[in-house]
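Read through the structure below, which is laid out as structure tokens, and then see the notes.
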Amino acid sequence: MIDLNRIPHIKVKKFLRDYNINHAQDFTRVNSICYNPDDKSYLTHQEIFHFPHPVDRVWHAYTTIDPARAWNGAMIHFGLQYFRGDHSILYAGDDATGGLQAGQVLILNLKLAGGAVQLCVGHEIKEVNGTEKYIKICYLENSASQGSQFIRLSATPQGTRVVHDTYYKSNSWFRDRILYPGLHTKALKEFHGNVRKYLELG
């Protein structure tokens, strides 16, 4: 049974109710829809981050940081995580020992306009490639936006370069062109900034 008492976000609880998710296995009805490169209607967004650490160390940080710590800031907040591999649920405060894996579904709460507006968004980790050092994330179906995010790490003489590419679209020109770029940039800076803090503490 999903423990709603461990989820403080009203919009995350509403997401669970809307999908009639009461048990972990109910998440099997929730699918993600990834970016289709043959569809030319997607918009693109890119942010680049630099870390003064070796690429293997940075990759280790991205793939081992507690998701409740990674997705936590003034704007983004961790709701819960479901893992398709064993139908487990991870709440904030749980011991996240498994690391980043394909099949993890993240339900996040976004605070906008100083908290006056709150939204629930869902992502699924679709691929974690340790050889090529990239992560693929897709949006859940019925989300406000469709598409995928790709996080790619590469070594540089100064340390590590992290490129975060997003391919997205929705049914709203205003959302895609006006709202999304700025809000997405802020969310990414919080996420990657949390990984940076994790690295510095390590």
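Which one of these is closer than 26 Å to residue 112 by Cα and modelled with pLDDT under 95: 19, 82, 42? Spell out the reasoning first.
On the way: 82 fails: modelled with pLDDT under 95; 42 fails: modelled with pLDDT under 95.
Among 19, 82, 42, only 19 is closer than 26 Å to residue 112 by Cα and modelled with pLDDT under 95.
Any chance you could count how many residues in region 162-178 are part of a helix (DSSP H, G or I) and loosely packed, with under 15 Cβ neighbours inside 10 Å? Break it down stepwise before answering.
Start the filter on region 162-178 by keeping residues that are part of a helix (DSSP H, G or I), which leaves 173-178.
With the extra rule that they be loosely packed, with under 15 Cβ neighbours inside 10 Å, the set shrinks to 173-174, 177-178.
Counting residues in region 162-178 that are part of a helix (DSSP H, G or I) and loosely packed, with under 15 Cβ neighbours inside 10 Å gives 4.
With respect to the numbered conditions (1) part of a helix (DSSP H, G or I); (2) surrounded by fewer than 17 Cβ atoms within 10 Å (Cβ to Cβ); (3) of a type in the set (D, E, K, R), which one is the sole condition not fulfilled by residue 127?
For residue 127, the exception is condition (1).
Among the listed residues 117, 121, identify the single one that is of a type outside the set (Gly, Ala, Ser) and surrounded by fewer than 20 Cβ atoms within 10 Å (Cβ to Cβ). Spell out the reasoning first.
Details: 121 fails: surrounded by fewer than 20 Cβ atoms within 10 Å (Cβ to Cβ).
Within the list 117, 121, the selection yields 117.
Looking at region 182-198, which of its residues are farther than 22 Å from residue 134 by Cβ and in contact (Cβ under 8 Å) with a residue 60 or more places away in the chain?
The answer is 183, 186.
Can you name every residue in region 111-130 that is in contact (Cβ under 8 Å) with a residue 12 or more places away in the chain and under 25 Å from residue 153 (Cβ atoms)?
121, 122, 123, 124, 125, 126, 127, 128, 130
If you take the residues of region 136-161 that are part of a strand (DSSP E or B) and polar (S, T, N, Q), which of them is farthest from residue 62 (Cα to Cα)? Spell out how you get there, then give the answer.
Of region 136-161, the ones part of a strand (DSSP E or B) are 136-140, 146-156, 159-161.
Going one step further and asking which of them are polar (S, T, N, Q), we end up with 146, 148-149, 154, 156, 160.
Numbers: 146: 23, 148: 18, 149: 14, 154: 13, 156: 17, 160: 12 Å.
That would be 146.
Considering only helices (runs of 4 or more DSSP H) fully contained in region 1-110, which possess at least 3 residues that are touching a residue at least 40 places away in the same chain (Cβ under 8 Å), β-branched (Val, Ile, Thr) and surrounded by 12 or more Cβ atoms within 10 Å (Cβ to Cβ)?
Output list reads 55-64.
The values are calculated or read from the model by the stated rules, or taken from the named source; none is laboratory data. Here the structure is a predicted model, which is why all the values come from computation and not from measurement. Virtual Cβ from ideal backbone geometry, glycine too; neighbours counted across all protein chains shown.
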